[in-house]
1. Where does each of 74-82, 182-190 land if you order them by average Cβ count within 10 Å, highest first?
2. Ranked from highest to lowest mean number of other Cβ atoms within 10 Å per residue, what is the order of the peptides 108-116, 364-372?
3. What's the local net charge at GLY203, with K and R +1, D and E -1, over the other residues with C-beta under 13 Å away?
4. What distance in nm lies between label points placed 7 Å from Cα along the C-beta direction at ALA37 and TRP122?
5. Taking 0.36 nm per intervening residue step and subtracting the Cα-Cα distance, what contour gain separates SER190 from LEU210 on full extension?
6. What distance in nm lies between label points placed 7 Å from Cα along the C-beta direction at ALA182 and VAL100?
7. Using each residue's phi in the stretch 197-206, evaluate 6.51 cos²θ - 1.76 cosθ + 1.60 at θ = phi - 60° and report the 3J(HN,Hα) Karplus result to the nearest Hz, with x for Gly and Pro.
8. Where Lys and Arg each count +1 and Asp and Glu each count -1, what net charge lies around GLY372 among other residues with Cβ under 15 Å from its Cβ?
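All of the numbers you see were taken from the coordinates with simple rules; none came from a lab. Here the structure is a predicted model, which means the values were calculated and not measured. Cβ placement follows ideal geometry from the backbone for every residue including glycine, while neighbour counts extend to all protein chains displayed.
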Amino acid sequence: MPTDTTPHLTSAHKFVLRGGAASLVLFALLRSAWAEAHLVLPFAEMQAAVAAHWFGAPASPVGTTLACSGTDAIALCVGAVLAYPAAWRARLTGVAAGAVLIAGLNTMRIGTLGLVAASPRWFTALHLYVWPAVLTLAIAAYVLAWMRCADRADSRSPRAAIAQPSRRFIALTILFLLVFLAASPFYLESARVLVLATLVARGAAALLRLAGMPAHAAGNVLWTGSGGFLVTQECIATPLIPVYLAAVCAYARTWPRLAAGLAATLPLFLALGVARLLLVALPAAVTSPLFWVHAFYQLLVGAIVVWAAALWRDGRTAGRRVLVGLLAGVAAGVLAGPLLGHVVAAAGGAPPDDAQGAIAFLPVFQIALYVGLCAAAWTGTAWTRSIAGLAILAGMVPASVLVLRALAVHAGVAPHVRDVRAWAIAGPVLIFAMVMGHAPSRR
C-alpha cells in the first residue's frame, strides 16, 4: 500500500468539507434580503437584457426571477476554488474567471429559453435537463482545469502537491457527474426524493420551533412568519453528491471506510438540505439591511481578531487559517442560533429597548467568534482546552443577556450599544486567551 495514503485522504476530506462550507456560506449571503434586492435580482435582470440583445426578444413572455441569476452555480464554483490550497492570487483569478464563465453560460441559457418559450416541451427539456447538465459539467471541468493550472504555477509548493486531486478522483468525478445528469429525469420527478424533501422541511420546522419561532411543515413546504418555502427534488439533488461519492470511492482504501462513507451520504446531504433551508428561511428581522449596517464594525473587528489569531498561530498558513476560522465561525453561529434563541427566550428575552438588536445578536456572535478563533489557531492537541472554554462561554452568554435585561427592566439602566458590541468581542477573546495562553506560537 502506498505510504502517502493518509495525507491524500486527509487532504481530500478537507478540500470537500471546505468547499461545501464555503459554498453554503456564499449561498447564505446571496440569499439575504439585502443581497437579493440589490445584487442578485439586478444581476439576473442584466443577464436577461444582454440575452435579449444577443438572441432577440423571447417568443413568449418569460419572467426573470432570482432563480434565473445563476448565483447558486457561481457560489458552488467559487466555494471549490477558494477551498483549494493554491496561492491567493491564483484563487482570486480563478474566482473571477469562473464567475465570468458561469455568467456567460447563464446568459446563453436565458436567451435560448426565451427562443423556445412558445414550446412548453422544448422549454421544459432545456430548463430542467439540458442546461443544468451543461452548467454542472462546465463547473466541474473549469474547477479541475483551474486546479491543474494552479498546481503548475505553484509546483514547488508542498501543499499543492499533497492536495492535488488524483486521476482516479477526477475520472470518478466526471463519471458520477455524467450518471447524475443522465438520471436527472428520474430523480427530479421521483416521489421518493419528494419524501426526502418533506423530511428536510420537517427538520427545519422542528429546529425553528426549538428556537421559539413559529414554524410548521405542510408536506414539502416550510411555513414561517416570513412566508412559505418550497423544497423540491431539485433542492435535494445537488451536484455535490457525485463529487462527494467520487471522493469516497477514490480515497477510502478499506472496505469499512468505503461503507461508512457511502452510508453517510443520505444523512449528510439531508442535514445540508436542512441547513440550506434554514439559511433561506431566517426571519426577515435577522437579515434586514439595517441590522447589518449597525453590526458592520462589530463583524469587521471580529474578522480582524480571527485573522490576528491565525497570524499568531502560524504566519505561513495564515490565509488558509483565516478562511477556516471564518467558515467555522459562521457555521457555528448558524447551527447554534436556534438553540441560543430558545435559551435567551427562556431567560426572558432581550431588553425591550434593544433597538439595533445588539443584545439579541450577542449570544450567536460570541459563540461564532470563539469557534472561529479556536479554528484559526487550531493545533490538533488543544481540543480539551477549547471545549472547556466553549463550556464557560456557553454558561456566560445567557447570564450576560439576563443581567442586561434585569438592569434595563428593574433598574432602568440601559447599556450603550457601543458597550454591548465591545463586550460581544471582548468576552470570547478573553476566554480564548485564557485557554490558549499556554499553547506557544509556531511562527
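1. Working: 74-82: 24.9, 182-190: 13.8.
Ranking the peptides 74-82, 182-190 by packing returns 74-82, 182-190.
2. The densest-packed peptide leads the list: 364-372, 108-116.
3. Working: positive: ARG202, ARG209, ARG276; negative: none.
Once all neighbours under 13 Å are counted, the net charge is +3.
4. Distance between label points: 3.9 nm.
5. On the way: separation 20, 0.36 × 20 = 7.20 nm, distance 3.07 nm.
Extra length available between SER190 and LEU210 comes to 4.1 nm.
6. It works out to 3.5 nm between the two label points.
7. Once rounded to whole Hz, the list reads 4, 5, 4, 5, 4, 5, x, 5, 5, 5.
8. Taking every Cβ under 15 Å from that of GLY372, the sum is +4.
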